[in-house]
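The values are calculated or read from the model by the stated rules, or taken from the named source; none is laboratory data. It should be emphasised that the depicted structure is a prediction, and the values quoted were computed from it without experimental measurement. Cβ placement follows ideal geometry from the backbone for every residue including glycine, while neighbour counts extend to all protein chains displayed. For accessibility, only protein heavy atoms count, side chains too; no ligands or nucleic acids. Shrake-Rupley method; radii C 1.70, N 1.55, O 1.52, S 1.80 Å.
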Amino acid sequence: MNAAISRLMKEGILDEQAALSVDALYASGTPLDEALFLRSGIPEDRLVRALSSAFGIGCEQDMESHTPSREFLSSFPAHLLLTKGLLPIREEGGAVLVATSRIFDTSGVDELRLVTGREFIPVLATPSEIERALRKSLGVGADTVQSLISSRDDTALTVLSGEDEEGIDITADAEDASIIRFVNQVLKEAIDLRATDVHFEPFENELRVRYRVDGVLQDAAVPADIRRFQAAIVSRLKILSSLDIAEKRLPQDGRIKLLVSSKEVDVRVSVIPMLHGEAVVLRLLNRSAALLGLKELGMSENDRKMFSGILELPHGIILVTGPTGSGKTTTLYAGLSQINNAERKIITIEDPIEYHLRGINQIQVSTKAGLTFARGLRSILRHDPDVVLVGEIRDYETAEISVQASLTGHLVFSTLHTNDAPGALTRLVDMGVEPYLVASSLEAILAQRLVRLICPDCKEKMTEVEISRLRKEYGDNLPDTLYKGKGCRQCHGTGYRGRTGVFEFMHVSEEIRNMITERESSRHIRSIAAGQGMKSLREDGWRIVREGLTTVEEVIRVTKDERENGSPPAGEIEAGDPSASS
């Protein structure tokens, strides 16, 4: 057995079984430090503390508060820091304190000493802490960008075309392995963060990269020098999505299919020329994501029962409304899954197909080939379906065919871009559908939004001072106990992780049908629906607050108050069990 492992056994850090496991991995060629973290069975932070104590080496406990600045790290070779897992923290007594997780392999620190000519004092930290701090300070793909800069010949002659102001050979750079690697690193990080969108935004002196995580945009840490390779990055994304790299004056749309850690991800690509270059937005759709059932959507018990009842109707239209990214398709799929059986033929036409459903016939819209929602829907009806899902009602033709399908004995599901449930009624009439046809065919409308959930790992009770401040702003009907997320590594300091839905369910009653025929305003229809028991999005949001799952600020962020003042309605939020949902 290795001498260092034997010493660790004597020090009581490793038991016999763990020592044998570490020794076996080490004997297979894995570095000893890596083998320790992989096979010791001890949590990283405890192992680091034990090694620090046993070998008399300093230990950095709180890397989060000691993350060095990007300016400080710029004086060290990024490639060496990343490959060797080294993090220079600060200068101390003429030497640089450098965090490492490698107590037995000192080659990294020695190489850093040789390259920079400076003295270094190693301290121990966990590998994950070092990796996180390096990514935060240097930015994703820092080693890639640095290698690109060092390999470029700035004295080389470049030919300037009319539109290419930077004089970069776009095609050559886009084919460079480093650019490919950088784009892959950004996409990988976005998927790891559960991002739904990636934004590449060119400005005069920077290329800004942002991820949309849980519905909120956050800056990605990227190297400052990345602006120099903007054109090459855009070209690489165009090549991946089969777009024209020579066309830089017109918007383009494309698609990429990725396989990341055995997960299939469909990426929708949109490129638009901006003032300082082309901006790119990538929409990430995880095809491997688990399909949610109605119980997992976050509906109240009453709304779920009503929605389940509507799903059993033989014909009619069921609409789900809300802005892009509010979970409309997920809700419709949950409904389809509940009624999917051998007795029903279900056909969908979508753009794009977000989930693959067993036993359901799915059609992908192809505008280039002439397969639109309207044309596809006409063809679908000749296939004798019982249930039809239309991805979105975008125009009069699609709306008209959907109405006719419902009136000829089909149950039709679709989405519509309106802010609330009553607004969908007037939207269809505005499209040109006759009011009496809307009144005859529409059965229910479900408006929805997504609110972020408080991170369970850093969830804590709000103080009386904080609750008092909220009461002044939103009324006295808040519960006695409110929660918030403090911010931790698991939620990347946001205090939120994951999302759930808030809903506004409107059943189309006979009274509402008469109002549609008489072309009443959506505001008037809302007041009648509210009298019949419909809860607004804001009111349903207060339910999530009462359950201790989200914050007041989050509900205010995503919903609009339909009442005269913004305070929670009496009885809607009441003081409950302080431990609820914690």
Mind listing just one residue for me: the one in region 317-338 that is open to solvent by less than 10 Å² (accessible area, probe 1.4 Å) and assigned to a loop (DSSP other than H, G, I, E, B) and, of those, nearest to His356 (Cα to Cα)? Ser326
Matching residues in region 328-352 (under 16 Å from Leu292 (Cα atoms) and of a type in the set (A, V, I, L, M, F, W, C)) number 4
Would you check which residues across region 360-393 are assigned to a loop (DSSP other than H, G, I, E, B) and of a type in the set (Gly, Ala, Ser) and list them? Ala369, Gly370, Gly391
The listed residue being in contact (Cβ under 8 Å) with a residue 40 or more places away in the chain and not charged (D, E, K, R), out of Ile256, Ile245: Ile245
When region 412-431 is examined, which residues are found to be over 32 Å from the mean Cα position of the chain (by Cα) and not β-branched (Val, Ile, Thr)? Asp430, Met431
Among the residues in region 399-412, are any more than 28 Å from Lys560 (Cα to Cα), among the small types (Gly, Ala, Ser), open to solvent by 10 Å² or more (accessible area, probe 1.4 Å) and not in a loop (DSSP other than H, G, I, E, B)? no
For Ser107, indicate whether it is over 29 Å from Val222 (Cα atoms), of a type in the set (S, T, N, Q) and at pLDDT 80 or above. no
Within region 43-102, restricting attention to residues that are in a strand (DSSP E or B) and surrounded by fewer than 18 Cβ atoms within 10 Å (Cβ to Cβ), which residue is modelled with the highest pLDDT? Ala95
Given (1) at pLDDT 90 or above; (2) open to solvent by 40 Å² or more (accessible area, probe 1.4 Å), identify the lone condition not met by Ile516. (2)
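Taking strands (runs of 3 or more DSSP E) that do not extend beyond region 202-309, which have at least 1 residues that are open to solvent by 50 Å² or more (accessible area, probe 1.4 Å), β-branched (Val, Ile, Thr) and under 30 Å from Val555 (Cα atoms)?
The qualifying strands (runs of 3 or more DSSP E) are 277-286.
Conditions (1) at pLDDT 95 or above; (2) small (Gly, Ala, Ser); (3) within 26 Å of the chain's Cα centre (by Cα); (4) open to solvent by less than 20 Å² (accessible area, probe 1.4 Å), marked per residue:
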{"site": "Val433", "(1), (2), (3), (4)": "no, no, no, yes"}
{"site": "Cys458", "(1), (2), (3), (4)": "no, no, yes, yes"}
{"site": "Leu470", "(1), (2), (3), (4)": "no, no, no, yes"}
{"site": "Asn477", "(1), (2), (3), (4)": "no, no, no, no"}
{"site": "Asp480", "(1), (2), (3), (4)": "no, no, no, no"}
{"site": "Cys488", "(1), (2), (3), (4)": "no, no, yes, no"}
Taking region 436-452 only, how many residues are assigned to a helix (DSSP H, G or I) and open to solvent by less than 10 Å² (accessible area, probe 1.4 Å)? 3
Quick check on Ser522: is it in contact with a Ser or Thr (Cβ under 6 Å, 6 or more places away or on another chain) and open to solvent by 20 Å² or more (accessible area, probe 1.4 Å)? yes
Region 32-42 - residue that is among the small types (Gly, Ala, Ser) and crowded, with 17+ Cβ neighbours inside 10 Å and, of those, farthest from Gly12 (Cα to Cα): Ala35
The one condition Tyr26 fails out of (1) surrounded by 18 or more Cβ atoms within 10 Å (Cβ to Cβ); (2) not in a helix (DSSP H, G or I) is (2)
Out of all the residues in region 339-359, which are farther than 22 Å from Arg255 by Cβ and either not in a strand (DSSP E or B) or not β-branched (Val, Ile, Thr) (or both)? Ile339, Asn340, Asn341, Ala342, Glu343, Arg344, Lys345, Arg358, Gly359
Complete set of residues in region 372-398 that are under 30 Å from the mean Cα position of the chain (by Cα) and either among the β-branched types (Val, Ile, Thr) or open to solvent by 50 Å² or more (accessible area, probe 1.4 Å) (or both): Thr372, Val388, Val390, Ile393, Arg394, Asp395
When the residues of region 413-427 are narrowed to those that are in contact (Cβ under 8 Å) with a residue 24 or more places away in the chain and open to solvent by 10 Å² or more (accessible area, probe 1.4 Å), which ends up nearest to Glu350 (Cα to Cα)? His417
List every residue pair whose Cβ atoms sit under 7 Å apart, with the two residues 6 or more apart in sequence or on different chains, where the first one lies in region 503-529 and is on the phi > 0 side of the Ramachandran plot and the second, anywhere, is open to solvent by less than 70 Å² (accessible area, probe 1.4 Å) and part of a helix (DSSP H, G or I). Arg519/Val429; Arg519/Pro435
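Which residues, counting only those in region 538-557, are assigned to a helix (DSSP H, G or I) and in contact with a Lys or Arg (Cβ under 6 Å, 6 or more places away or on another chain)?
Residue satisfying the conditions is Glu554 alone.
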If you scan region 91-113, which residues turn out to be within 34 Å of the chain's Cα centre (by Cα) and farther than 18 Å from Leu32 by Cα? Val98
What is the number of the single condition among (1) more than 19 Å from Ser178 (Cα to Cα); (2) among the hydrophobic types (A, V, I, L, M, F, W, C); (3) touching a Phe, Trp or Tyr at 6+ places or on another chain (Cβ under 7 Å) that Met274 does not meet? (3)
